[in-house]
């Protein structure tokens with residue numbers, strides 16, 4: 001596979017904070033949309049972007065909670081990514097304002113939740129993490145500015161599963177970690193395909209692994225399971241070198257704003273740099289890098305077609 005998945009030597013790393021990643025960059029006059037930008041690394045992303053001068057719009061499923069957490073830092077509106085009517089409603093309200101989006105960051109998501117069905121029976125992680133963001137970006141496309149960047153938060157969890165083309169909705173037995181892995185693979189493939197489709201407008205898309213961070217994303221995991229995985233001890237003390245939320249937001253902010261990525265796109269990033277492509281036969285669990293199936297252009301195009309069929313939305317239909 002021919003790919004630009006190679007480190008570029010950004011000068012940043014795992015310990016970089018979001019404020020450091022955007023240091024010296026003036027975002028005055030720029031508008032960013034950050035889904036889930038009121039909790040965990042999403043909140044730190046919002047803080048860093050507004051600190052650099054951007055106006056941030058935060059669509060939130062829990063509007064009151066978001067408004068309390070942000071305390072006037074950003075504009076808040078309602079959005080439930082698991083409900084396509086809610087996605088359409090937010091997009092229509094935003095488009096009616098006539099504003100342009102310079103940065104779109106798909107940060108919101110769920111991880112390893114119990115089997116849950118949304119919409120017409122879709123598996124919730126695939127529906128929320130991927131299909132909701134797919135529909136949202138496509139509906140907002142008329143507002144996406146030329147030369148904008150679209151950021152899709154994935155995870156090293158994409159190593160857990162490629163797209164299960166024969167059973168995308170897990171109708172034949174549910175595994176929460178495989179479902180999470182598929183959804184995170186979908187997040188990468190979305191960026192790969194959007195970067196190709198958005199080329200005419202100079203729009204570039206990136207996917208990324210923010211790193212291991214203890215945030216509300218772990219809310220569905222029993223303590224016993226986190227102990228078994230070696231994340232925490234019986235008393236709840238962390239046992240691994242987790243990033244702080246400020247460090248966890250750094251790659252997102254770098255992806256959205258760094259001039260070092262000018263002219264690049266369709267790439268998977270980690271630790272504020274482009275990630276390396278893993279060999280096909282790598283079996284090491286948790287290895288750094290991106291699986292080849294997650295950046296495969298044919299699979300990206302296939303997923304785009306499937307997602308458009310499922311959601312009934314495609315800003316690029318006929319192209």
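Where a number appears in this text, it was derived from the coordinates with a stated rule and is not lab data. Everything numeric here is computed off the predicted structure, so don't read it as measured data. Reconstructed Cβ throughout: ideal geometry from the backbone, glycine too, with neighbour counts over all protein chains shown.
Only Cα pairs under 8 Å and 6+ residues apart enter the sum, and on that basis the relative contact order of the stretch 1-84 stands at 24 percent.
Rounded to the nearest 5, the antiparallel percentage of DSSP beta bridges internal to the chain is 15%. With a 10 Å cut-off between alpha carbons and a GNM built on the chain, which of 200, 32, 19 moves the most? The residue that fluctuates most here is 200. The ranking of 272, 113 from fewest to most other beta carbons within 10 Å of each one's beta carbon is 113, 272.
In this structure, residue 315 and residue 64 have a Cβ-Cβ separation that, at R0 = 30 Å, corresponds to a calculated FRET efficiency of about 0.45. Note on the chain: GNM, Cα springs under 10 Å; of 146, 71, 195, the largest mean-square fluctuation is that of 71. A simple spin-label model places pseudo-atoms 7 Å from Cα toward Cβ; at residue 165 and residue 99 they are separated by 4.1 nm. Here the relative contact order of the stretch 30-163, from alpha carbon pairs under 8 Å that lie six or more residues apart, stands at 25 percent.
Among 52-59, 72-79, 153-160, how do they line up by average Cβ neighbours within 10 Å per residue, starting with the highest?
Details: 52-59: 22.4, 72-79: 17.8, 153-160: 24.1.
Top of the packing list down: 153-160, 52-59, 72-79.
A full extension of the chain between residue 174 and residue 71 corresponds to an added length of 33.2 nm, given 0.36 nm per residue minus the alpha carbon distance. Taking 0.36 nm per intervening residue step and subtracting the Cα-Cα distance, what contour gain separates residue 264 from residue 287 on full extension? Full extension of this stretch gives 5.9 nm more.
So what is the relative contact order of the stretch 18-311, in percent, for Cα pairs below 8 Å that sit 6 or more residues apart? Mind dumping the intermediate values first?
On the way: 591 pairs, mean separation 57.8, N = 294.
20 percent.
Build a GNM of the chain with springs between Cα atoms under 10 Å apart, and of 247, 169, 260 the one that fluctuates most is 260. If the chain linking residue 78 and residue 147 were pulled fully straight, counting 0.36 nm for each residue of separation and taking away their Cα-Cα distance, it would gain 22.2 nm.
Each peptide in 248-257, 21-30 was scored by the mean count of other Cβ atoms within 10 Å over its residues; highest first, the order is 248-257, 21-30. In whole Å, how far is the Cα centre of the stretch 263-313 from that of the stretch 56-95? The distance from the Cα centre of the stretch 263-313 to that of the stretch 56-95 comes to 28 Å.
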